[in-house]
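Everything on this sheet refers to the single structure shown next.
Read the figures in this text as sums done on the coordinates, not as results from a lab. Remember, it's a predicted structure, so these values are computed and weren't measured experimentally. When we count neighbours, we look across all protein chains shown, and the Cβ atoms used for this are built from the backbone with ideal geometry, even at glycine.
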């Protein structure tokens, strides 16, 4: 049985993956947090970082 927080985390992970892929996989936690805020999802940076790590989302710096 999933708790409400686990359900919300799964939704956020899917959103993080979508935003990340649509932005050339270049967004890190601060930008993803702002992108989620534009969608009216307000969460702390540490939660975003943890969910990114769980979802395998990471920023790629291009030189």
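Computed quantities for the displayed model
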read-out: Those residues of the stretch 6-51 which are under 23 Å from residue 63 (Cα atoms) and part of a loop (DSSP other than H, G, I, E, B), in sequence order; value: 23, 24, 25, 26, 27, 28
read-out: Hits in the stretch 32-43 - residues which are in contact with a helix residue (DSSP H, G or I) (Cβ under 9 Å, 6 or more places away or on another chain), without any contact (Cβ under 8 Å) to a residue 24 or more places away in the chain and surrounded by 10 or more Cβ atoms within 10 Å (Cβ to Cβ); value: 33, 35
read-out: Failed criterion for residue 22 (all others in (1) surrounded by 12 or more Cβ atoms within 10 Å (Cβ to Cβ); (2) out of contact with any helix residue (DSSP H, G or I) (no Cβ under 8 Å at 6 or more places or on another chain) hold); value: (1)
read-out: Residues within the stretch 52-63 that are surrounded by 12 or more Cβ atoms within 10 Å (Cβ to Cβ) and outside any helix (DSSP H, G or I), tallied; value: 3
read-out: Where a residue in the stretch 1-30 is in contact (Cβ under 8 Å) with a residue 40 or more places away in the chain and its partner, wherever it lies, is surrounded by 14 or more Cβ atoms within 10 Å (Cβ to Cβ) and part of a helix (DSSP H, G or I), with Cβ under 7 Å and at least six apart; value: 9/51; 13/51; 13/55; 16/32; 16/51; 16/52; 16/55; 17/55
